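The values are calculated or read from the model by the stated rules, or taken from the named source; none is laboratory data. Computed from a predicted model, the values in this text were never measured in an experiment. Cβ coordinates were reconstructed from backbone atoms using ideal geometry, including for glycine residues, and neighbour counts include every protein chain displayed.
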Amino acid sequence: MKDLLNKLDDVSRREFAQFAAKTFLGVSLLPVGGALAADDDEPKEPTPRKSPARNIIYLYMSGGMSHLDTFDPKPGAETQGPVQTIDTSVKGIQLSEYMPNLAKQMDKAVLVRSISSTQGAHERGRYLMRTSYTQRGTIRHPAMGAWVLRLSGRHSDSLPGNVRIGGDSRHPGAGFMEAEFSPLPIGDPTTGLQNSKLARGTTQAQFDSRLSLSNRLDQEFRQRFDQKKVRSYNDAYDDAVRLMTSSELDAFNIYRETEPVRMAYGDNPFGQGVLLARRLVENNVRFVEVTLGGWDTHQSNFVRVPERADLLDRALGALLGDLGDRGLLNDTMVVVASEFGRTPTINQNVGRDHYPKAFSGLIAGGGIQGGQVYGATDERGEEVADDQLAVPDFNATIAYGLGLPLRKIVKSASRRPFTVAHKGEPVTSLYS
């Protein structure tokens with residue numbers, strides 16, 4: 001019996017205890033004065049924000065972005081290497097010399113300099129950052145985009161609610177959730193949404209006839225196997241057809257923007273992907289992730305980081321300014337995240353190695369109180385010295401800004417309970 005209880009999750013153990021008490025003792029575990037005693041120790045749902053962010057643009061720095069060379073420079077420290085620091089638009093806040101455009105927009109953002117992860121390998125680190133859960137072979141957890149749709153729905157009837165631009169094939173996606181919450185993958189942001197038009201030589205009447213035939217052929221199967229996965233497959237087809245005929249499909253065409261605007265984001269896949277992300281949130285797409293790889297700088301860190309940082313800085317600076325000018329910044333949260341940082345110690349190959357102990361992220365817009373720094377590392381950038389944030393805490397802070405219920409339990413197919421940021425606690429004070 002003891003072994004059985006140890007294998008049960010927290011909710012199952014509580015349900016078992018209640019059942020046992022009623023069966024063998026004829027009583028309930030509810031005390032006279034109120035709820036279960038165990039529930040008194042459980043964290044309560046934070047007071048919800050009055051005006052949460054509607055959308056999020058999530059910029060993922062794949063490979064492990066060096067915190068000392070970007071968001072958390074240490075002027076004068078041996079660990080800083082040759083990188084200089086620059087002042088920002090906010091007095092007292094400095095950035096690496098590689099981030100001049102962000103420096104001008106610092107009043108719109110919060111630098112989080114005290115993130116710490118338990119995972120030092122790329123795949124596991126990415127998985128933890130995107131899901132708040134440790135990677136396991138027995139289950140696939142949903143990424144933040146899927147949680148956003150599952151807990152608060154879509155804003156558009158025709159456009160997808162979750163889009164991923166660039167990135168790797170091992171992205172957690174919707175995890176154990178239904179396929180309708182999965183991100184729509186976009187490889188090249190400059191080509192629009194591929195396969196969204198009728199095949200050459202096919203008329204609308206022919207397409208409608210073939211679709212009708214397909215539905216009739218599938219009808220018996222769908223009725224016999226009225227299951228969630230089957231329904232999700234059919235819903236995906238319906239969404240695709242609806243999108244093909246929607247005027248909102250034009251949101252994927254970045255060439256609707258003027259050339260100066262396109263060039264401001266950077267003439268490269270990442271910059272154009274960030275521009276596409278802005279167009280999508282303008283058209284009520286809830287969650288857009290854009291990935292910039294190449295941050296795994298074990299060698300030639302001070303050659304490669306300036307190249308990566310220039311791509312990020314140009315696109316991020318343009319995005320924050322653009323959102324502000326268009327009146328979209330309060331409704332749109334912008335996040336910069338990575339799986340871990342890089343070692344303060346510079347290795348023999350003039351590189352920096354994996355460093356999950358202390359690194360940085362950024363949150364801007366979405367009602368955040370910009371122009372501040374949360375947390376700190378020591379004078380060498382080696383240890384978190386103040387206000388440490390575990391990865392689930394960072395994600396809980398994002399989810400809170402989006403108005404998501406942090407304690408809402410969603411169960412997997414095996415009936416195991418999960419929440420959007422695991423056991424993370426949000427830093428609610430960052431929001432107005």
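Worth pointing out:
- The requirement of being surrounded by 14 or more Cβ atoms within 10 Å (Cβ to Cβ), at pLDDT 95 or above, touching a Pro at 6+ places or on another chain (Cβ under 6 Å) and charged (D, E, K, R) is not satisfied by residue 54.
- Residue match in segment 129-137 (condition: outside any helix (DSSP H, G or I) and either farther than 21 Å from residue 421 by Cβ or at pLDDT below 95 (or both)): yes
- Qualifying residue in segment 100-122 (condition: surrounded by 23 or more Cβ atoms within 10 Å (Cβ to Cβ), touching a strand residue (DSSP E or B) at 6+ places or on another chain (Cβ under 7 Å) and more than 27 Å from residue 425 (Cβ to Cβ)): yes
- With respect to (1) exposed (fewer than 15 other Cβ atoms within 10 Å of the Cβ); (2) polar (S, T, N, Q); (3) at pLDDT below 90, the lone exception for residue 232 is condition (1).
- Any hit, segment 170-181, residues being assigned to a loop (DSSP other than H, G, I, E, B), among the acidic types (Asp, Glu) and over 25 Å from residue 392 (Cβ atoms): no
- Residues located in segment 271-307, provided they are in contact (Cβ under 8 Å) with a residue 60 or more places away in the chain and under 25 Å from residue 344 (Cβ atoms): 292, 293, 294, 295, 296, 297, 301, 302, 305, 306
- Residue selected from segment 411-432 under the condition basic (Lys, Arg) and either surrounded by 19 or more Cβ atoms within 10 Å (Cβ to Cβ) or more than 12 Å from residue 397 (Cα to Cα) (or both), by the criterion nearest to the chain's Cα centre (by Cα): 411
- Some residue of segment 391-406 being aliphatic (A, V, I, L, M) and over 17 Å from the mean Cα position of the chain (by Cα): no
- Search result, residues across segment 248-262 that are over 16 Å from residue 188 (Cα atoms), among the charged types (D, E, K, R) and surrounded by 14 or more Cβ atoms within 10 Å (Cβ to Cβ): 248, 257
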